[in-house]
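Notes follow the structure.
The values are calculated or read from the model by the stated rules, or taken from the named source; none is laboratory data. Predicted, not measured: the structure shown is a model, and the values here were computed from it. Neighbour counts run over all protein chains shown; Cβ positions are idealised from the backbone, glycine included.
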Amino acid sequence: MARPDSGGKTFGGGGKSFGGGGGYGGGGRGGDREERGEHGDRGGEEGGRGRGFGRRKVCRFCADKALKVDYKDQQALKYFLTERGKIIPRRISGNCAKHQREIATAVKRARMVAILPYTAGTP
Amino acid sequence: MAEATKRLVREYETVYLLKADTPDDQVEEIKERLRGVVNREGGKVIRFTNQGKRKTAFPVAKNGRALFMQCLYVGKPGLVAEFERNLRMLDLVTKFQSVKVAEDVDFDARQVEADVKIQPVEDEVKPREERTFGERDEGFEPETFERGEE
């Protein structure tokens, strides 16, 4: 239990053991922040199975009922695109499944009428 | 029965792109021609929206700009095919797309609106700070989000 690597395994093993891992980390290696640091920037601030850390994102369209997905609104759709013109995944944008589907359809429609690019630039 | 008296139709929206150098009278001519098509097929045009000359996301007909027109109309499904067939015949029309907006619209209750002309919005590049999750989207790779299972 006192060995750092075994502790790391239990921490990585799943969210269930997270509380125990935190207790361990406080004694052994200075907290789970460093444990997370080992994963480098792969996890990011809300990546992975992070429950409880990071900000819980809310679907913009569920939060604001008046907001409608419109394929002609370039500015609104740009929010859901990367620089390259790819659709930003749901886990990043925080959309609910229903609205993400609507966004995806809207983006594809907008592409067909040249409002949005299929692909943009080369970095 | 109430349904027997009501005439239920569908509402469609067609966006079509004209060549950027189309003169205004030609734009009007196409509008009237399409209005004629819709009326002939037993539908009615709700409104035409001229969205102005805008930059396209990619060159359309070897031109980086196009005149965006939007037509909202109600009618039977066969109307769309006829509408699009007419668009295809016009050389000035470079692109078009029809979308169903609503179903079971009451034909008589749907009011016809005046044609709208929107001034084109020049899309200025917005600063990146306005995007809340923008800090990660460049150089986005799927691996970025994988968690090590170690």
Selection status of B:GLU113, at pLDDT below 90, within 14 Å of chain A (Cβ to nearest Cβ) and either more than 17 Å from the chain's Cα centre (by Cα) or within 28 Å of A:GLN75 (Cβ to Cβ) (or both): no
Residues (of a type in the set (S, T, N, Q) and touching a helix residue (DSSP H, G or I) at 6+ places or on another chain (Cβ under 9 Å)) located in segment B:1-51: B:THR14, B:THR22, B:ASN50
Residue pairs meeting the criteria (Cβ under 7 Å; at least 6 apart or on separate chains; first within 14 Å of another protein chain (Cβ to nearest Cβ) and more than 13 Å from B:LEU92 (Cα to Cα), in segment B:14-39; second among the aromatic types (Phe, Trp, Tyr) and surrounded by 13 or more Cβ atoms within 10 Å (Cβ to Cβ)): B:THR14/B:PHE83; B:THR14/B:PHE96; B:VAL15/B:PHE68; B:VAL15/B:PHE96
Subset of segment B:56-67 that is facing another protein chain (nearest Cβ under 9 Å) and not small (Gly, Ala, Ser) - its residue that is farthest from B:LEU92 (Cα to Cα): B:PHE58
Any hit, segment A:114-123, residues being more than 26 Å from B:TYR16 (Cα to Cα) and facing chain B (nearest Cβ under 8 Å): yes
Check on A:PHE11, within 13 Å of chain B (Cβ to nearest Cβ), surrounded by 13 or more Cβ atoms within 10 Å (Cβ to Cβ) and modelled with pLDDT of 90 or more: no
Members of segment B:45-66 that are closer than 30 Å to B:VAL105 by Cβ, of a type outside the set (Val, Ile, Thr) and surrounded by 17 or more Cβ atoms within 10 Å (Cβ to Cβ): B:PHE48, B:ASN50, B:GLN51, B:ARG54, B:ALA66
Matching entry among A:LYS72, A:LYS98, A:LYS108 (being in contact with a strand residue (DSSP E or B) (Cβ under 9 Å, 6 or more places away or on another chain), over 22 Å from B:ARG65 (Cβ atoms) and either assigned to a loop (DSSP other than H, G, I, E, B) or among the charged types (D, E, K, R) (or both)): A:LYS108
Sole exception among (1) touching a residue at least 24 places away in the same chain (Cβ under 8 Å); (2) within 14 Å of chain A (Cβ to nearest Cβ); (3) assigned to a strand (DSSP E or B); (4) out of contact with any Leu (no Cβ under 6 Å at 6 or more places or on another chain) for B:GLU84, by number: (3)
Condition check for A:ALA97: closer than 15 Å to A:VAL58 by Cα, more than 8 Å from chain B (Cβ to nearest Cβ) and among the aliphatic types (A, V, I, L, M): yes
